[in-house]
Structures are given as structure tokens and as C-alpha cells.
1. What value does region 249-368 have for Rg/Rh, both radii from Cα atoms and Rh as Kirkwood defines it?
2. For the ranges 416-423, 131-138, 304-311, 318-325, what's the packing order if you count other beta-carbon atoms within 10 Å of each residue, average per peptide, and put the highest first?
3. Measure off 7 Å from each Cα along the Cα-to-Cβ vector at GLU266 and LEU240, then give the distance between these two points in nanometres to one decimal.
4. Roughly how far apart, in whole Å, are the Cα centres of region 272-327 and region 351-390?
5. With label points built 7 Å along Cα→Cβ from the Cα atoms of LEU344 and MET55, find their separation and express it in nm.
6. Applying the Karplus parametrisation 6.51 cos²θ - 1.76 cosθ + 1.60 with θ = phi - 60° to the phi angles of region 428-438, what ³J(HN,Hα) value in whole Hz is obtained for each residue in order, glycine and proline being reported as x?
7. Give me the distance between the Cα centres of region 402-474 and region 251-271, rounded to whole Å.
8. Which far-off residues, 5 or more places away or on another chain, put their amide H under 5 Å from the one on ALA439, with H placed in the peptide plane?
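Bear in mind that the values in this text are calculations on the coordinates, not laboratory data. Note that this is a predicted model, so its numbers are computed, not measured. Glycine gets a Cβ as well: all are built from the backbone with ideal geometry, and neighbour counts include every protein chain shown.
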Amino acid sequence: MIEHDFHNIEKLSWALVIMFIVGVVIISGGVLFLGGVELFQFLKVSLIQALGLGMAITAMLFFALRLVWRLKAAPMGISMIFFAIGISLFVSVSVGRLYALQYPVYVESFGPGSGPGLPMKNVISFFQHIDQFAHIEDIARDPSDVPPPITVLDPTPVTATLLSEMSASGTLAVVDEDAAPEEGGQIRELHLETTEVLSELAPGITFNYWTFNNTVPGPLFRVREGDIVRVTITNNASSLHHHNVDFHAATGPGGGGAVTMVAPGETKTFTFKALNPGLFVYHCATPNMAVHMAHGMYGMILVEPKDGLPAVDKEFYVMQGEIFTTGAIGRRGLQAFDAKKMMLGNPTYITFNGRPDGVVNKMKAEVGDKIRMYVGNGGVVHNSSFHVVGEIFDTVYPEASIGGAEFKNVQTTNVPAGGATIVEFTVDYPGTYVLVDHALMRTDKGAWGTIEVTGPADPTIYEGDFTKTSGSGH
């Protein structure tokens, strides 16, 4: 009898081991079948984690099986089964509707359209097409990529070469159109392409960005009050999702979102009149809107007043954003979007121009330069407390209002989620100036950048011992 029991438990033990090995083969083979070696490399960290968890569970079952069998405690085995069923019932009722066929599971939304979770069929489709996604070396929009003031463009003859150059840089071009702008205005064409790409969020960390024109943020566009703006939006054929665009500068249903929904490979056009001067956000407004923005789909358009803006020496373009990944901050490999973190308002990364170093060492100025910064917030959770360490804003256009009251001598200014600001300051002393969201915990998540200022130092403005101390930190 004892020998018979021993053989039975040995068979069950081998069955557990075989089940584990078969599971490893099925998962590994499934990954290779869906996305090949490239997907396997992206998921390497997660697969190692799953392997370790599988080994632990197998060992636990092996131990529990032998314990129950040795004690001949059938009631103990039955109680363990009841325990598992009870926990499952508790969890399924506690989380509400059982969204099991999406990633992540158990995420429900009461907003317009579908919830923030990705349907499982979309996840599988992503894995199947991973080799078709473009790989972008640097997703961050160059903060110096600001189109010149309208007063510079207007007198320039619009040649075919100039049109091509302006289209490539994201600058607006004057085109023929039936609609009539206001006196002194122009008809301007804006081109956007929505893409879904792969790019490094940080060294060794890859994220599936959704973009306008292959950067985060999308291009900064520049028009003038009274202009007619004709927007052409194309959804790249490689995309897996529908997209559109909502311009906060446009007056009409959805800001353009109601008439620009484009399927993969589709193109649509709409026009709007730039009625109000200011700096305005545009973003994808396809439900779930927050999901599309959290993948990187936002940018800004500057509507200059009819008389233009005062001349400055340097202009920069910076947008704060939030990224939610399933892995903790710093986790290597391909990181999936985490809808649960977004619903809880806990971004894994907070960035300037799409990644933690998006605007580090990319802005240059000389002592005496007057700088104007166009600052926006494409995040879906936090307002930004924008601040440049070691500088005072001579002028702030609060919430990017042009034509209203201006603030003078400001240290830190608010940039609402989905809003913007314009700040101006003159750099009087050389060195590295750090820009931050002054909710300073966010610098650890990536929200910081630098402006490098060169030129002569004036000791009457600032003087001290620049020698670094031997100790630092805390």
C-alpha cells in the first residue's frame, strides 16, 4: 500500500514538472510565433520574471502535494481548493465588472467611448506586427525647432523648394484656398501624420509611442490671428488604432476631432479660422483620449496677434508629459502601457519632450539673449509648476493668454493639464540653467532639462566660489 502511494505521488510530481516544462515551451513558442526573435528580445526581462514565478509556483505545488499526500489529509486538500475558489469570488466581485479579455484586466471606465484597457486582440495584434513598427532613434522633439515669426515668413516668395523645406520642418505654408481670411491674414496649410512607433524611453527601456509626425510632442505650428488654417491629417498605414486631432485653437465640435477621425491609411482635411491669439494645445481626442495622450499624442499651435509678438533672440518649445508603464521606473525591456496606473493618477515617468533627457543639453544661448519659451502640458493627471533654476521670468503670459494681463518678475508659473504658458527672460550670467516642474519629486521621474548659456561673467550680478565640495547628496 505504501509503495502504491509512493508511485502515485511520484507520478503526480512528474506531472507537475512536465506541466511546467510544457508551459515554458508554449509561452516561448507563442512569443516567437507572434513576433519572432525581436519580440523575444523586447520581452526578455518579463519572460525571465515569468520563468522565476512559474518555478516558484511549481515548487509550492510540489511541496503542498507531498504534504497533503503524506498526511493522508484529504480534508486539507479540499480546504485548499475551497480557499482558492473563495479568493477568486472575492476578487471578481470586489473589482466590479470582470474585464478579463483586456490588458490590464479589471479596469473599468465611465468616460466616453471605450475604457482605458487595451483589448486582448489589440495586444496580440501588436505582438504580431512588432517587426513592422518604425524604430525612432530619438523620440524627443528638438526644443529649438520653433518656426520663425510670421513677419519673417510673409515677405518670402513661396517657391516649391521653400514649401518642401517648410513641410519637412513642420512650419506652416501659405496655400491657395477658397475661404477668405481676415484682412492681413493668410491661408495656411498644416500637415500631421499619426504614427505608432517604437523608441527608447531611456537606455535599455523601449516604449510604444503614438505620435504626431514621429516626435513627442508633435511640431509647433505658427499662424496669425484671422488666418484660415487647413489641416490635413493622415494615419500611417502601419498604425493599429484610429486617431484624430483636437485643436484647442479651433472653434467647433471637438476642435476638429469630430471631423478628423482617420483609420490606418486614411487621410482627412478640415479648416478652421484662428479667431483668438494665444498658445494652444492640440492632441488626439479618439476615445479613450487619455490613453492616446499618455502615449505621446500632443503638440501646440501658436496664434500670433495681428501685430505679432515682440522680437526676442531665442525661442524654445517644451511640453511636459506623463508615461505610465507596467514595469517600475527603470525597468528594462519593452514596457507596456499601464491603464491602472493612469486611472490612479500615478505616472511612472514625467517628461519634457517625451523622455527623461528630452531637453537636456539641447538649448543654447548667449549672455544678454532675451529668451521666449513656449511651454505646454500634455499630461493627463498633473498640473506643472514650471520654474527655471537661477532665473526670474521677466514676463509671463499666464495660461498663454495673449492680449490680457501679463505678469512681471515671476519665479514659478502654473501650466494646467491641457494648457500652456509663455515665459520671457533675459540671461545675464553664463552657466547651466536647469528647468523643472517645481513639484520636485517629478525631477526623479524625468521632468527636467537644461539651458547652456555662454559669455562673459559679470561679478556685480553673481559671484562666489564655484569649486565643488567633496560631499554631495544626503
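1. 1.03
2. 318-325, 416-423, 304-311, 131-138
3. 1.9
4. Their Cα centres are 13 Å away from one another.
5. Here the answer is 2.8 nm between the modelled labels.
6. Working through the residues one at a time gives 9, 8, x, x, 9, 10, 9, 9, 9, 8, 6 Hz.
7. Spelled out, the Cα-based centre of one part sits 38 Å from the other.
8. The answer is SER385.
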